[in-house]
Amino acid sequence: MLGRIAAFEFRYQIRSPLFVAAAFLLFAGAFVDMAMAKVVTSGGGNVLYNAPHAIIMSHLMVSLVFLFVGAAFVSNAVVRDDQTGFGPIVRSTRIGKADYLLGRFLGAFAVGALIMAAVTLGAWLGTLMPFADQEMLGPNRLAAFAYGYGLFALPNVLIISAVLFALATATRSTAGTFLGVVGLLIVYIVSNRIMESQPQLLDIRVLADPLGMSTYLASSRYFTAAELNAGAIPVTEMMVLSRLLWTSAAFALLALTIYRFRFSERGLSRRRQRRLGREEAAQTLTPPAPFVRLPEPRFDARAGLAQLVARGGLEARFILRSPVFLILLLMAFAFILPPLIAPSGWMGVPLYPLTSVSVPTLEAGFDTILIIIATYFGGELVWRERERKVNEIIDSTPLEAWALMLPKLLGLALVLVATLLVGMAAGLLGQWLGGGVELAPGEYWRWYLLPGAVDSVLTAALAVFVQSVSPGKYAGWGVMLLYILALVFGPSMGLEHPLLIYGSLPAVPLSAAAALLLVAAHLLWP
């Protein structure tokens, strides 16, 4: 039974458009990185692009990306039955809990291993292209690709899949799993930064890194470029110990997840039962309301404005009350506050927390959070009615198309502006805790909040437009992910002109792209 469940899960996952998109994007990224532009992974300078060191580092870097890619597949393997309504049917059969969970995990893990293999294949094929930079390519050693995949990528897929599987079974939610991923990534980055400043903690840092990046960097730090190009692969005792330690921890976490999983239907809690009882008693004792004549409907401009304001507030409250939004804000606040309190400049020279120093720090930190919020909640807002099967009811009401689309833009933009206010509060708090400067809220309004509000509207317009013309929510998220990658890596690939980057402003504002996108979204709104 275990093998049949694992095979079914594997077949189901590889047929999904998400698998095809993820495998293709990672394959194409590795291919382009090796054959055309070395912009993502280490290499270049004195180290060849296809040196074992560069190949291993590329697999380690992609492991961080796999945190988010794997979350989609692993969480789907756990929560899919409950979302489709087949959970009670499956749990009523003779399938055992261990076979069910372990089979689902093995199927998702095999899919993750296949996606990571696309990276290895893309990098290898990139070395064979005639247009690749031959001066930066050395001997094509298959052993280097085998080390990168077998010793680092594959164990990382196992470790990450086990952690994500535990998160998915604990939360029974895809959103909860992604929140856990964001939290783990932030903890991983912050802990590495803290340990980097403490050389005496090197051994602890090496063993505490589940992905093996610190282990490999510590093992290869004394190798020269000539040794790395010659094929030297620094496999040390500490590296093997770290891999064995975290692989064993993955198996232990998987066993604990299976043990703690409740393979039964969740009944109503006592608190929920008492509340339902009180509501039922209140309905029994309350007399029926007298008949009141309904007001006459109006369809003039005043009614349209009232609908716009009411629905805009509804969409904004949906996001503001979401645990996902609150946790993202808390994570961003905790992540950005330390550099605001003690900013540093070139070569680590400490700086006073002036507004001119704090604003660029806030822009670098909160801009990413703004795009993530716009991307995630843009999909949630546009597809919410269709996912809850009430879209046909809403579409049959006497509302104009703009009254359905514009409130989502308005609500999303208001939430992004509220996020900017949190960033402004973090900047002022950092200045107050750092001391030595006078607080200037007016400068934040002028140089951070007002420009950021314009950017927020542009980002919200793009997110709503992409989701309104996408065939599905996940497809829209994929397009927005490409936009984020273009923002990060576009300048290094020649995409520097403001007219080639959405939301970028030249010296003289020329573009009305956001307005055009909104008009297109209005006309194409389903």
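The values are calculated or read from the model by the stated rules, or taken from the named source; none is laboratory data. Please read all numbers here as calculations on a predicted model, not as lab measurements. Counting neighbours? That spans all protein chains shown, and the Cβs are built from the backbone with ideal geometry, glycine included. Just the protein is used for accessible areas: all its heavy atoms, side chains included, with ligands, DNA and RNA removed. Shrake-Rupley method; radii C 1.70, N 1.55, O 1.52, S 1.80 Å.
Table for the structure above
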{"item": "Built amide H within the under 5 Å cut-off of residue 47, gap 5+", "result": "none"}
{"item": "Contour excess over end-to-end distance, with Cα ends at residue 394 and residue 372 and 0.36 nm allotted per residue", "result": "5.1 nm"}
{"item": "Net charge contributed by nearby residues that have their C-beta within less than 14 Å of residue 114 (K/R +1, D/E -1)", "result": "+1"}
{"item": "Under Karplus coefficients 6.51, -1.76 and 1.60, residue-wise ³J(HN,Hα) of region 176-181 in Hz, glycine/proline x", "result": "x, 5, 5, 5, x, 4"}
{"item": "Accessible area, probe 1.4 Å, largest first, for residues 141, 260", "result": "260, 141"}
{"item": "Virtual spin-label span in nm between residue 2 and residue 474, 7 Å along Cα→Cβ", "result": "2.7"}
{"item": "Label point distance in nm, residue 140-residue 15, each placed 7 Å from Cα along Cα→Cβ", "result": "3.5"}
{"item": "Note, ³J(HN,Hα) from phi for region 88-96, Karplus 6.51, -1.76, 1.60, rounded to Hz, x at Gly and Pro", "result": "x, 5, 5, 6, 8, 7, 8, 5, x"}
{"item": "Computed label-point distance, nm, for sites residue 305 and residue 245 using a 7 Å Cα→Cβ extension", "result": "6.5"}
{"item": "Förster-model FRET efficiency, 41 Å R0, residue 293 and residue 387, C-beta, rounded to 0.05", "result": "0.70"}
{"item": "Pairwise FRET efficiency - residue 484 versus residue 81, Cβ, R0 = 25 Å, nearest 0.05", "result": "0.20"}
{"item": "At R0 = 51 Å, FRET efficiency that the Cβ-Cβ distance of residue 90 and residue 224 yields, to 0.05", "result": "0.35"}
